[in-house]
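Please treat every number below as a calculation from the coordinates, not as lab data. Since the model is a prediction, treat every value here as computed from it, not as a measurement. Because the Cβ atoms are built from the backbone with ideal geometry, glycine has one as well, and the counts that use them run over all protein chains shown.
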Amino acid sequence: MWSAVLRPAAVEFDAHAAELSRAVVPYIDERMPDLIGGAEAWEVRRASNEATIRGFAKVLQSGADPVDAVTLGSATLAMVRDGAKRGVPASVLLRSYRLAHAGGARHLYAILANHAADAKELSLAIELCSAWMFAYVDAAVCLAEDVYTSELEHWLRSAAAREVETINTILSEQPIDIDVASRRLRHEMRRLHVAALAWIDTHEEGRDTLAQLEAAIRDVAAAIGNERPLIQPLGILSIAAWVSTSAAVPSRVLDELRFRSATAPGVRIAIGEPAPGIAGFRTSHIEALEAQRIARLAGRREGSITRYDDIALCALATANLEHSRRFVERELGRLASRDDTTRRLAATMRTYLEENCSRGRTAKRLHVHENTVAYRLRQAEELLGRSLEKRTLELRVALALADLVTGSDTNRSAPAAAMAHGVPGPIGFSTSQPS
């Protein structure tokens, strides 16, 4: 039975691990709606599922004893350790792990049906596979419990727990003495702070993601003028940081960051504006969160650095994404269509308005002839259904938002859409940290 049915089914199970891992995440989320949401949490669960599917498939292929052969992938280990730090109950994490196995089992049983000769053989195959999987899951849960307990004990004794508690106190606007905060964080809070977020969208087994994120942040900090930023992990795919200086940070320094690329592969960075003291520590972080949100909506490329000052209008205008989408569709009419021709016409009109209605400067920016600009503007006005001289402010805002909100749900991946619609808290940690 193992040789004829289970072993080839395990090969097929492993071959489809990536796509099955994505299918299992909604199965978990539907049954545990209170799990931590957002793009990063979605990706961590997906990566953990994939590692688990591949791990079990390997055991089933080899015919090894599942109790002796079980291992936890790096994403699963990181998820368990991060949960301990966030104060997520062990029962919640372990239930999500069991549900992942249950969701995977449904797909595996369907694969078994492709290899069984008849209903009787399928029934026997499912029975044998279920016993194997039960032993594997039981051993994996025991390993996860041990990791959770060890991490929680270490966390409660660590200075890192006090740092997280202090940061959350500041970001949630609870009262705290500035000298106490500086001492706990080992970071002078009276300085000028530029908050930053660095993140990677996908987990790769064996990659030291946090080290890459920290390296990217340190490069930004060095450009600003401080090589010792305060850094706090937000999970296994993102970190928050504060670059603090005693001198003013010229705006041109932050502008020049846009022309740099994050040094680590796959990293994106968002930064807030410089602001002093405890209040500035908080407001700059909130601005960095908004810059990150817009960067995700816009699908900014890997290596990009998004400054809040550059996207402030878009951030304010997309606080309610559904309202923003309706506004754009109402203002632009047929000019909001997403086909290539209409998007080119909209881009020409946007550039024309940005250049104070100068056809010459518009043509120069777009590298086309002035007559081409004039022709496109006439076509755009026909689609708009009115002269561009009417409701000019509303038109400029709608054109600026069009690529962000029109059709955004269908153009983004599931995790990106989740982040775009989520309401971020003051920081990515749980609000109830161990003290």
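Numbers for the structure displayed
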{"item": "Unit charges at the beta carbon, dipole of the chain: most positive-side option, 221, 197, 315", "result": "315"}
{"item": "Pairwise centroid distance, computed over Cα atoms, of region 334-372 with region 162-176, Å", "result": "48 Å"}
{"item": "DSSP beta bridge pairing in the chain, given as percent antiparallel to the nearest 5", "result": "85 percent"}
{"item": "Gaussian network model of the chain, Cα within-10 Å springs - most flexible of 114, 168, 226", "result": "114"}
{"item": "Cβ-based charge dipole, the chain, positive-most Cα from 60, 284, 97", "result": "284"}
{"item": "Residue-by-residue Karplus 3J(HN,Hα) for region 346-363, coefficients 6.51, -1.76, 1.60, Hz, glycine and proline x", "result": "5, 5, 5, 5, 4, 5, 4, 5, 5, 8, 6, 6, 9, 5, x, 5, 4, 4"}
{"item": "Per-residue ³J(HN,Hα) for region 236-244, Karplus 6.51 cos²θ - 1.76 cosθ + 1.60, θ = phi - 60°, Hz, x for Gly and Pro", "result": "9, 10, 8, 9, 9, 8, 10, 9, 10"}
{"item": "Charge dipole magnitude, Cβ of K and R +1, D and E -1 - the chain, Cα centre, debye nearest 20", "result": "1480 debye"}
{"item": "Calculated from backbone phi, Karplus (6.51, -1.76, 1.60) coupling profile of region 386-395 in Hz, x at Gly/Pro", "result": "6, 6, 5, 7, 9, 6, 5, 4, 4, 5"}
{"item": "DSSP-assigned coil residues among chymotrypsin sites (Phe, Trp or Tyr not before Pro) in region 191-260, each with at most 14 further Cβ atoms within 10 Å", "result": "259"}
{"item": "Angle in degrees between helix 74-86 and the longest Cα principal axis of the chain, rounded to the nearest 10", "result": "70 degrees"}
{"item": "Sparse-neighbour loop sites [trypsin sites (Lys or Arg not before Pro); region 247-346; at most 10 other C-beta within 10 Å; DSSP]", "result": "301"}
{"item": "Peptides 71-77, 399-405, 316-322 ordered by average Cβ neighbours within 10 Å, highest first", "result": "399-405, 71-77, 316-322"}
{"item": "Cut-off under 5 Å, modelled amide H: who pairs with residue 266 long-range", "result": "303"}
{"item": "Anisotropy class of region 1-136 from Cα gyration tensor, a/c 1.5 cut", "result": "prolate"}
